[in-house]
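Novice: Dumping the structure here so I can ask a few things about it.
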Amino acid sequence: MTPITSVRCPDDRCKNARVGDVIRQPWHQALAYAVTGRLLPDLGLQDRADVDALAAELRQRVADGQLQLLDHASAGSVPADLRTRLGAAQFTAALAGLRTALDLNRSPRTAPGPSRPLTADERRLQADVPPHHGT
């Protein structure tokens, strides 16, 4: 929860705010948009991101057939109006945590290639060392 340090605000969420007030932000809406590509206004406003609660909510919606998760989730895809007043570092960290919680950090698995002897070029490249190596 980060208190505001200035009363300048780009929208009406902090219309009557004073320095030191905590402004509720669309943390869950922005994070959900990054992993679903859909605007979910019913997620409301929060003082800070609760990754575990949001992950549970999104998993339930996926199980109910309401949503699909995107493997290529990105903070850059979130509309600017959702990111307003969300700290970039905090948002990126929360998104990384959400991706992990939703198992979206999977690396593509490929089968190892068949074992074979190195070609002459591969052996030459493997033996190649800088001139100062070993001295």
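The values are calculated or read from the model by the stated rules, or taken from the named source; none is laboratory data. These numbers were taken from a predicted model, which means no experiment stands behind them. Cβ placement follows ideal geometry from the backbone for every residue including glycine, while neighbour counts extend to all protein chains displayed.
Novice: How many of the residues making up the range 26-38 are in a loop (DSSP other than H, G, I, E, B) and crowded, with 16+ Cβ neighbours inside 10 Å? I'd like the intermediate steps shown before the answer.
Specialist: Of the residues in the range 26-38, the ones in a loop (DSSP other than H, G, I, E, B) are 26, 37-38.
Those left that are additionally crowded, with 16+ Cβ neighbours inside 10 Å: 26, 37.
Going through the range 26-38 one residue at a time, the tally reaches 2.
Novice: Among the residues of the range 39-56, which ones are surrounded by fewer than 17 Cβ atoms within 10 Å (Cβ to Cβ) and outside any loop (DSSP other than H, G, I, E, B)?
Specialist: Here is the first cut: in the range 39-56, the residues surrounded by fewer than 17 Cβ atoms within 10 Å (Cβ to Cβ) are 39, 41-42, 44-45, 47-48, 50, 52-53, 56.
Pro41, Asp42, Asp52, Ala53, Ala56, listed by residue number.
Novice: Take the residues in the range 76-97 that are more than 14 Å from Val51 (Cβ to Cβ) and of a type in the set (Gly, Ala, Ser), then tell me which one is farthest from the chain's Cα centre (by Cα).
Specialist: So the residue we want is Ala80.
Novice: Here's a check for you: in the range 76-128, which residue that is of a type in the set (Gly, Ala, Ser) and not in a helix (DSSP H, G or I) is modelled with the highest pLDDT? Write out each step before concluding.
Specialist: Applying the first criterion (of a type in the set (Gly, Ala, Ser)) to the range 76-128 yields 76-77, 80, 87-89, 93-94, 96-97, 101, 107, 111, 113, 115, 120, 127.
So of that shortlist, the ones also not in a helix (DSSP H, G or I) come out as 87, 107, 111, 113, 115.
Numbers: Gly87: 84, Ser107: 61, Ala111: 58, Gly113: 62, Ser115: 80.
If we take residues in the range 76-128 being of a type in the set (Gly, Ala, Ser) and not in a helix (DSSP H, G or I), then Gly87 is modelled with the highest pLDDT.
Novice: Then there is this: Filter the range 52-75 down to residues that are under 24 Å from Ile23 (Cβ atoms) and either under 11 Å from the mean Cα position of the chain (by Cα) or at pLDDT below 90 (or both), then give me how many there are.
Specialist: Here the count works out to 1.
Novice: Let me ask something else. Where the second residue is in a loop (DSSP other than H, G, I, E, B) and basic (Lys, Arg) and the first is within 13 Å of Leu95 (Cα to Cα) and touching a residue at least 12 places away in the same chain (Cβ under 8 Å) and lies in the range 30-44, which pairs have Cβ atoms under 9 Å and are six or more apart or on separate chains?
Specialist: Between residues of the range 30-44 that are within 13 Å of Leu95 (Cα to Cα) and touching a residue at least 12 places away in the same chain (Cβ under 8 Å) and residues that are in a loop (DSSP other than H, G, I, E, B) and basic (Lys, Arg), the close pairs are Ala32/Arg38.
Novice: Out of the range 1-46, which residues are modelled with pLDDT of 85 or more and touching a strand residue (DSSP E or B) at 6+ places or on another chain (Cβ under 7 Å)?
Specialist: At the first step, the residues of the range 1-46 found to be modelled with pLDDT of 85 or more are 25-46.
Once the filter is applied, which keeps residues that are modelled with pLDDT of 85 or more and touching a strand residue (DSSP E or B) at 6+ places or on another chain (Cβ under 7 Å), the range 1-46 yields Gln25, Trp27, His28, Leu45, Gln46.
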